Structures are given as C-alpha cells and as structure tokens.
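A quick write-up on the structure given underneath.
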Amino acid sequence: MMLFLLIRRGLRQHIVSTAVAVLLVALGMGLVISVWVVRAEAEQSFTRSASGFDAVLGARGSKLQLVLNGLFAQETSPGNITADDYKEIRDLPFVDRTLPIVVGDNFRGVRLVGTNMDLFNNLDYSPGQVYHVEPGGRAFDPDQKEAVVGSLAAHQLGWSIGTTFHPFHGLDYDPNAQHSEIFKVVGVLAPTNTPADRVIWVPMDGVRQLGGHDPAAFTEMSAVLVRFKPGAQAAGFMLDTRYNRQGKRLTLAWPVASILGDLFSKFDWFEDALRALAYMVAVVAGASVFSAVYSSMSARKRDLAILRALGAHRGFLIAAVLGESAAIGVLGCALGFGLYACIGSVVQEILRTRIGVLLEPWAWNPVLVWGPALMVLLSVIAGAIPAWRAYRLSVAEGLSPLS
Amino acid sequence: MDPIPALIIRDLVKTYPAPSGARTEVLRIPALGLQGGRQAALRGESGLGKTTLMHIIAGILEPDSGLVSVGGTELTGLSESRRDRFRAERLGYVFQTFNLLQGLTALENVSLGLAFGRGARAGVAMAALDRVGLADRAHYLPRQLSTGQQQRVAVARALANRPCLILADEPTGNLDTVRGGKVIDLLRSSAAELGAALLVASHDPEVLGAFEQVIDLAELNQVQAREEES
C-alpha cells in the first residue's frame, strides 16, 4: 500500500513532466495500434464487404478496376459485357448466385446502380443476412422508373419513400448533365454495412434507357458479380483459364480477396513509413519517461534517502522508481486506447461514408496486447537507470543538511 | 532497570576515503554505553562526527571495525537488509531537518515510519500523532504546518514503532529556543513513557542542560583527542 501511495504522490509531485511523458506514451501507443489494426482491419473489412461474391466478370481490363467498380461502386467500368455473357456464366452448374450491375449515372455524386430482381431474391451479403427493404417500402418494379435507395445514401440525401428525382448523367456529378426522366423512391434498403448502403439501386433498364445512353448498349451491363457453389472453388481456376488466358474479350476478377490484397500491398511503402513513425514516437515516449523519472528521482533524492533511513531496503527504492515509470506507461496506454478509439472512429466513419466498408476498430488483433505491453516495457526500461541510481543512493549523502 | 543495555559500542573505528586515496579516520571510540530506558545527550560541535556516529548506531553506515549493539542485537553482524529491518522495527530517528516527505500528509509520514517494520496501521500512526498533540493536523501536508509542528510529526514518526532506542540528531537545530525546548520535553517525556532509551546529539547548551548525562564526543572520540594533542 505504501509503495502505491509513494508512486501516486511521486507522479503528482511532478505533474507536468509526468503529464508530458503520459501524453507521449499515449501518442506512441495510439499510433502503433492504429497503424497495425487499421491496416489489417481495413483489408479484412474490404474482403468482408465483397458481400460473399467470389468473382466479378466484366469487359477486358484491370481486375482491380472490375472489383472496385463492381463491388465497391468506385472507379469507372472498363466497358460492357453482353446479355449472352451474363446468361452464360449465370447458367453454369457450379455458379450459385449472380448479380448483374449497370453503372453510368449518379445523383449529386451518389451512384445509380442498375440491377435485376435477384437483389431482393433472398440474396445474402453475409451468412444469414439477406438484402431486404425496410418496412413500409418495397422492391422496385423492373419495368418502372423506381428506386430502392441504400440506407446511407438515403440519410445523406435526406430521401424517403415517395421522393422523386432526376438522375445526372455520368459517374461524376455535373449539374448541367441532368436527365429529364423522373425516378421515384419506393423503398430504403435495410443497412448492411456494405457498399450497397451508399448507392441508389434502380432497375437495369432504368439506367440503360435513360436519354443520352447508346441504344446499342440497351441490353448490355457493366459487370456480373459471381458466387460459386460451396466446394466449387476449382471453378475459379477453370473460368480464369477460360476468360483470362484463352479468351481476349472478357476479364474474370478472381479471387476477390487476393485482388484486394494486391491493392493493399501497393500501399506497403506508406504503411512502412507509418510504422517507422510509430516506432520513432514510441522511442521518443520512452525517452520522455526516462527524463520524467530521472528528474523526479533526482529531485526526490532526499525523499529516497529518508525512506532508506526509515528502514526501506534498496529493493523498495527500485520498486518505487520502476513503479513510477510503469505507472506512466500504464496511464499512457490507457490514454493511448482512448486516442486509438478516436482515430479508429474517424477512419471508420470515413470508410463507411465514402466506400461503404465497415471497419471494426476493436476486432481482435494481437497488437492490442503486445502494443500496450511494449509501451509499458519501454517505460520500465526507461526507468532502469534512475532505479539503479536510487539503488546505489548513499543515505548519508542524501540526508546531508540542505544548503 | 532494563537488564538489556539499549546501546553498547566497543572499539569502533570509522574512516572515509580522502581525495588522495588514503583513508581518513573520523571516529575511534573505545567504548560507549547507554542503559535501557536511560536518556543522554551527545555533545559535539559541527564536524566532529556526531551524525556519522548516529548513522552508525542506526545501521545506516557500517563502521570499519568494532562492535555496535542496540537493544541486545549486534548490528555490526547483520547484513544491510537485516539492519534496515532492525532500524524500521526497533529504532526511532529524529533528524535536524525533520525529513518529512513533502508529498505525504502528517498521518502518512507517520505511517511511513511503521511501513517498513511491523506494517503501517492508521490507528497506531494516529495514536502517535495524538501523543504529540497533532491529531487534528493528521491530514495536513508538511508545508501547511509550522516548523515546530513539522518536528513534532517527525517525533511522532520516530515513536510510532515503539522503539527501544530513539536517536535525535540536532532535533532543535531548525527551531527557536521556545519551540526547541518543547520538542526536547516532548522527546524526553515520550521516551520515558515508552520505556525507550534516548540519545540526543546537539551542540546547543539549552538542549544539553536538559539532560543529566552528557557525553562529550570530543573526549570520547580518540581521533579528535589526538588532533587536539597535536
């Protein structure tokens, strides 16, 4: 009890240097965890947000572009595929589900994605969870200019059932490119925490037959999302050979997780830079703990000598000094978790609103254990020299009368 | 009278390293004793080695040779950690500069005196504060107390573990005459009440006059006697 009391009072007596050290440890800890978790969790979140689809079939072009366009409503489409291409892959025996999509228009930057009724036909985006319209709404009629708006888009645009709108031509918002056709919102998609939340879903023909679109492309589509039957993963190899190696007209983006992994690996240099920065901040934090504990120990040399004179053995002084540095580490880690919660929330919100991917900052990651352990260990190591000085303290010198 | 002597010193020698590398003798005391429950003053001007002797008796410093026995325990035969433990359990020490921990309250400072020995107990610490008349200042920090009150807290800390020997090194050095007299009275009465022996080191005639037995360090320490002869 006395040890804890002395540690607490010691920290309080040098509150400014203690606070600076705690803040630096928190910063180091927050950065270390953020760099590790956000990177790992972002990749996993993107993979989760593939909504259970294994592949994307589209026009000849970049696989990454197909995945980003087809699954995440990002980027442009590399081109169109025909209705026959769609039917061919849809009818393959090892294909479980398909979802054709058509992109090309927007409403004030929110993409319109054309699809068919398969979206509402018990299509699951994660195990046990299917796309469905919120109560009070309904799926669009494929032959009408109707829309089911994603939950995030509805919130962003302030739309509800009954809202009507004129779409704008192109994927980027151009106020001078508004279509004359009017669409009506007939339902809001229940939140899925996938990119489906941030688009406006309309019937395929609704997009294809808007004014200004090429009549020759009225039966074409931008891509088809494909899910293989369970246990039919060899199908991916077969179709990869058929479309990517033997064919020259289409591209099968498969496997999605690997393509997303390639995307993240492009940012490895940035991650390495962030890691180096995090390590540097951690080292600076350790130095600040050393400085705080060393100056605290020097200023309290007399106190330590008094403790010795009262019967405290040398090990007690070591424990008191190391306890102070460990306490700074623990307090810094607690604050660091708070900092990480803020960073995680900001990143989560950015990814959710801009890409529709839900990041889970508190999903299990070993860094959540080794990060704080590392910072506390660094703090204790930083306290080793002051502790050794306390151990070697001469009581008689420490108690010599003050000048 | 207590059959066990509170303090026995025999053939004590203490040296310090000189800048030249040789060792300089500062204490050479053939014999010194104090019976249990007795009170004595140790007279000596500054620089004669009073504090060094008190530190040796308390087990803070080790002599080069000789025997120091306190309350029947030979300190010179104990390891440093055993001496620490002995000091915490059996000795009370009052310093000239009070030596209270500024971050702790009066009660916590007194508890500190118990913590390394038989264990801190708030009731015992409070009783010690009550004995010196500071129970109502238990939760004050040292800076919120007068110098006299601070020294009384230091006395309470020295008494709390019910020591067999109380050492006070210039306990009135930082106090005026009136407050100094009160502290000496408090020390003497408390030691008598506890049955503890008391050894007060001082060069103040007022303090020395309060004791029947006064030990003159200048006579006792043969190093000093040799220097005076030469």
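The values are calculated or read from the model by the stated rules, or taken from the named source; none is laboratory data. Here the structure is a predicted model, which means the values were calculated and not measured. FYI the Cβ positions are ideal-geometry reconstructions off the backbone, even for glycines, and counts take in every protein chain you see.
Values for this structure:
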read-out	value
Failed criterion for B:E74 (all others in (1) at pLDDT 90 or above; (2) within 25 Å of B:R188 (Cβ to Cβ) hold)	(2)
Members of the stretch A:352-369 that are touching a Phe, Trp or Tyr at 6+ places or on another chain (Cβ under 9 Å) and of a type in the set (A, V, I, L, M, F, W, C)	A:I355, A:V357, A:V367, A:L368
Filtered residues of the stretch A:65-87 (kept if farther than 28 Å from A:H166 by Cβ and surrounded by fewer than 16 Cβ atoms within 10 Å (Cβ to Cβ))	A:T82, A:D84, A:K87
Matching residues in the stretch B:155-174 - criterion: being surrounded by fewer than 21 Cβ atoms within 10 Å (Cβ to Cβ), over 13 Å from B:A201 (Cβ atoms) and of a type outside the set (S, T, N, Q)	B:R162
Filter result for A:V130 (crowded, with 21+ Cβ neighbours inside 10 Å, modelled with pLDDT of 90 or more and closer than 26 Å to A:A235 by Cβ)	no
Pairs, first farther than 17 Å from B:V13 by Cβ and more than 12 Å from chain A (Cβ to nearest Cβ) in the stretch B:37-56, second hydroxyl-bearing (S, T, Y) and assigned to a strand (DSSP E or B), C-beta under 9 Å, six or more apart	B:A41/B:S202; B:L42/B:S202; B:R43/B:S202; B:G44/B:S202
Among (1) part of a helix (DSSP H, G or I); (2) closer than 23 Å to B:D169 by Cβ - the single one B:G123 does not satisfy	(2)
Residue match in the stretch B:135-142 (condition: in contact (Cβ under 8 Å) with a residue 40 or more places away in the chain, under 24 Å from A:M1 (Cβ atoms) and within 14 Å of chain A (Cβ to nearest Cβ))	yes
Selection within the stretch A:355-376 - without any contact (Cβ under 8 Å) to a residue 12 or more places away in the chain and of a type outside the set (V, I, T)	A:W364, A:P366, A:W370, A:A373
Which listed residue is in contact with a Phe, Trp or Tyr (Cβ under 6 Å, 6 or more places away or on another chain), of a type outside the set (F, W, Y) and touching a residue at least 60 places away in the same chain (Cβ under 8 Å), from A:N116, A:N106	A:N106
Residue selected from the stretch A:230-279 under the condition in a helix (DSSP H, G or I), of a type in the set (K, R) and not assigned by TED's automatic domain parsing to the domain that holds A:L24, by the criterion nearest to A:G371 (Cα to Cα)	A:R245
Qualifying residues in the stretch B:96-108 (those that are at the interface with another protein chain (Cβ under 7 Å from one of its Cβ atoms) and among the aliphatic types (A, V, I, L, M)) - the one farthest from B:L134 (Cα to Cα)	B:L101
Pairs, first more than 7 Å from chain A (Cβ to nearest Cβ) in the stretch B:78-95, second aromatic (F, W, Y) and not in a helix (DSSP H, G or I), C-beta under 9 Å, six or more apart	B:E89/B:F116
Close pairs from the stretch A:307-328: first within 14 Å of another protein chain (Cβ to nearest Cβ), partner of a type in the set (V, I, T), Cβ under 7 Å, at least 6 apart	A:R308/A:V395; A:A309/A:V395; A:A309/B:I60; A:A320/A:I7; A:E324/A:I7; A:E324/A:V293
Single match in A:E75, A:E41, A:E88 (criterion: in contact with a helix residue (DSSP H, G or I) (Cβ under 9 Å, 6 or more places away or on another chain), assigned by TED's automatic domain parsing to the domain that holds A:W201 and among the acidic types (D, E))	A:E75
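Okay, residues lined up against (1) over 30 Å from B:E212 (Cα atoms); (2) within 12 Å of chain A (Cβ to nearest Cβ); (3) under 14 Å from the mean Cα position of the chain (by Cα):
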site	(1), (2), (3)
B:V110	no, yes, no
B:L129	no, no, no
B:L145	yes, no, no
B:Q151	no, no, yes
B:T177	no, no, no
